[in-house]
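Reading through the structure tokens given below for one structure.
The values are calculated or read from the model by the stated rules, or taken from the named source; none is laboratory data. Since the model is a prediction, treat every value here as computed from it, not as a measurement. Please note: Cβ atoms are built from the backbone with ideal geometry, for glycine as well, and neighbour counts cover all protein chains shown.
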Amino acid sequence: MIQKLISDIAHQTLTPISNLKVYGEILSEVSNENQEEIATILEQTEKLDFLIQSLVKLSRMESGIIAVHPEDTAIAQMFASVQQQFNVKAMEKDISLNLFDTDLHAMCDAKWTVEALGNIVDNAIKYTSCGENVQIKAEQYSFFVKIDIIDDGIGIEKEEIPKIFGRFYRSLSVADQPGVGIGLFLAREIIQAQKGYIKVTSKRGKGSTFSVFLPIAKKE
């Protein structure tokens with residue numbers, strides 16, 4: 001019932017959201033007036049679109065309509081996808097997005113894992129000041145491959161770390177930043193669905209490290 005309701009809402013809002021984007025972009029091009037207000041409309045439309053799409057993905061995953069299919073996957077392949085997706089966003093803030101070379105493999109669904117990593121990287125860029133760094137690297141353990149996403153951002157208070165993966169959770173300290181509080185929740189759901197987990201170490205004002213642990217690919 002909930003899955004059908006969310007699907008219906010997503011379907012019914014697709015055209016209105018698309019129209020808002022189109023007309024907002026037209027207004028920004030044909031008029032020099034009210035540019036700030038038009039930019040706000042476009043920003044809020046993107047936020048609404050992201051929320052709807054995230055809810056659809058989450059609902060489908062929780063209901064089993066979308067299932068992960070882990071297979072032997074090259075970490076470098078996923079790193080390349082993440083870099084392609086976020087290079088421009090990082091450059092806009094003069095942030096160095098550094099992905100270290102790796103020949104490691106993990107048992108995971110590449111598409112969904114890139115989605116999870118992307119949600120974490122998106123946050124890292126969002127909460128890192130201009131001119132700073134975001135690093136992504138992989139390390140092998142006995143049974144897992146660890147992917148570290150390290151930023152020089154604002155950091156997280158110790159008491160907030162257990163809360164950040166909550167559905168729709170948003171810290172008051174970042175209330176002025178765009179976001180809907182579902183990205184990290186979805187990331188954790190994706191990783192846990194693949195028998196992995198996420199660990200966070202952070203200190204306020206000193207940046208954060210999100211460590212994603214995925215089962216190591218078994219050698220034939």
inquiry  = For the structure I just gave you, tell me whether residue 113 is part of a loop (DSSP other than H, G, I, E, B) and at negative phi.
reply    = no
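Every residue, every condition in (1) under 20 Å from residue 182 (Cα atoms); (2) touching a residue at least 60 places away in the same chain (Cβ under 8 Å); (3) of a type in the set (Asp, Glu), yes or no:
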| residue | (1), (2), (3) |
| --- | --- |
| 78 | no, no, no |
| 86 | yes, no, no |
| 143 | no, yes, no |
| 153 | yes, no, no |
Every listed condition ((1) more than 13 Å from the chain's Cα centre (by Cα); (2) at pLDDT below 95; (3) within 27 Å of residue 70 (Cβ to Cβ); (4) of a type in the set (Asp, Glu)) holds for residue 122 save (1)
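Which one of 134, 56 is of a type in the set (Val, Ile, Thr), assigned by TED's automatic domain parsing to the domain that holds residue 164 and under 17 Å from the mean Cα position of the chain (by Cα)? If you could, list the steps in order and put the result at the bottom.
Details: 56 fails: assigned by TED's automatic domain parsing to the domain that holds residue 164.
Result: 134 is the single residue among 134, 56 that is of a type in the set (Val, Ile, Thr), assigned by TED's automatic domain parsing to the domain that holds residue 164 and under 17 Å from the mean Cα position of the chain (by Cα).
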From the option list 81, 18, single residue qualifying as modelled with pLDDT of 85 or more, of a type in the set (Gly, Ala, Ser) and under 27 Å from residue 185 (Cβ atoms) is 81
Within segment 83-120, residues among the hydrophobic types (A, V, I, L, M, F, W, C), more than 20 Å from residue 216 (Cα to Cα) and surrounded by 15 or more Cβ atoms within 10 Å (Cβ to Cβ) come out as 86, 90, 95, 97, 120
Checked segment 122-162 for anything of a type in the set (A, V, I, L, M, F, W, C) and assigned to a loop (DSSP other than H, G, I, E, B); matches are 130, 143, 154, 156
Take residue 149 and decide whether it is closer than 18 Å to residue 116 by Cα and modelled with pLDDT of 85 or more. yes
